[in-house]
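Engineer: Please find one structure pasted underneath; my questions will follow.
The values are calculated or read from the model by the stated rules, or taken from the named source; none is laboratory data. Note that the structure is predicted; figures quoted are calculated from it, not measured. In case anyone asks, the SASA skips ligands and DNA or RNA and just uses the protein heavy atoms, side chains included. Shrake-Rupley method; radii C 1.70, N 1.55, O 1.52, S 1.80 Å.
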Amino acid sequence: MDEQTLRDYYNDHVMYDSVPSEDIEIALLRLRILALDTVLDLGCGDGRLAKVLTNSKITGIDYSDKRIEQAKKRHKSQVWVCSSVRDWLEADVGVYSLVTMFEVLEHVEDPAGLVRMARECGPVLASVPVNWPDPAHLHVWKDETEMVRDLAPDRHIRVNERWFCTWGQT
């Protein structure tokens with residue numbers, strides 16, 4: 001699929017609100033992630049994380065220019081960039097208090113590689129659907145054990161339902 005066709009697909013067909021702000025807030029509280037200076041939100045969609053982390057400086061990256069425009073309108077004080085997640089991570093993007101990827105990893109060819117790249121920028125909090133086949137998903141994990149084995153077998157990890165969090169660098 002060429003780049004424009006892929007961008008059009010994500011602009012028109014993918015539901016970026018699949019993880020409600022309330023669920024994100026509960027996951028952050030359960031993991032005792034309460035105050036963060038800087039956050040890199042990979043696959044930020046319409047910027048819903050900024051609604052939860054109101055005192056953090058957020059840099060949001062998404063492949064959909066349509067969702068980035070929505071994020072810019074809703075949360076003007078944050079940084080929103082239209083880019084592929086992998087392209088952004090391949091640049092020297094710095095270190096963050098937290099890197100988030102909500103419902104992103106199932107859409108990429110090498111999810112474990114993306115987690116490794118993201119961990120170079122800071123601790124990672126991510127969610128993936130478990131046992132949720134969808135035409136847009138390149139990967140479907142049947143359970144949490146399979147998810148952990150594939151995405152973070154070698155690091156500190158905490159799993160809670162569809163959420164996982166990793167610490168440490170590769």
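Engineer: Going down the table (LYS66/LYS142; LYS51/LYS76; LYS51/LYS72), which pairs top 23 Å between alpha carbons? It would help to have the intermediate numbers written out before the result.
Structural biologist: On the way: LYS66/LYS142 31 Å; LYS51/LYS76 12 Å; LYS51/LYS72 13 Å.
Listed pairs above 23 Å: LYS66/LYS142.
Engineer: With all protein chains present and a 1.4 Å probe, how do ARG48, ARG86, ARG116 order by accessible area, largest first? Can you show the working numbers first?
Structural biologist: On the way: ARG48 25, ARG86 80, ARG116 110 Å².
So, going from the largest accessible area down, we get ARG116, ARG86, ARG48.
Engineer: In the full protein assembly as shown, how much of ASP143 is accessible to a 1.4 Å probe, in Å² to the nearest 10?
Structural biologist: Ignoring ligands and nucleic acids, ASP143 comes out at about 60 Å².
Engineer: While we're here: Ordering THR5, THR145 by accessible area with a probe of 1.4 Å, largest first, what comes out? Numbers along the way, then the final one.
Structural biologist: Details: THR5 65, THR145 105 Å².
My answer, sorted largest first, is THR145, THR5.
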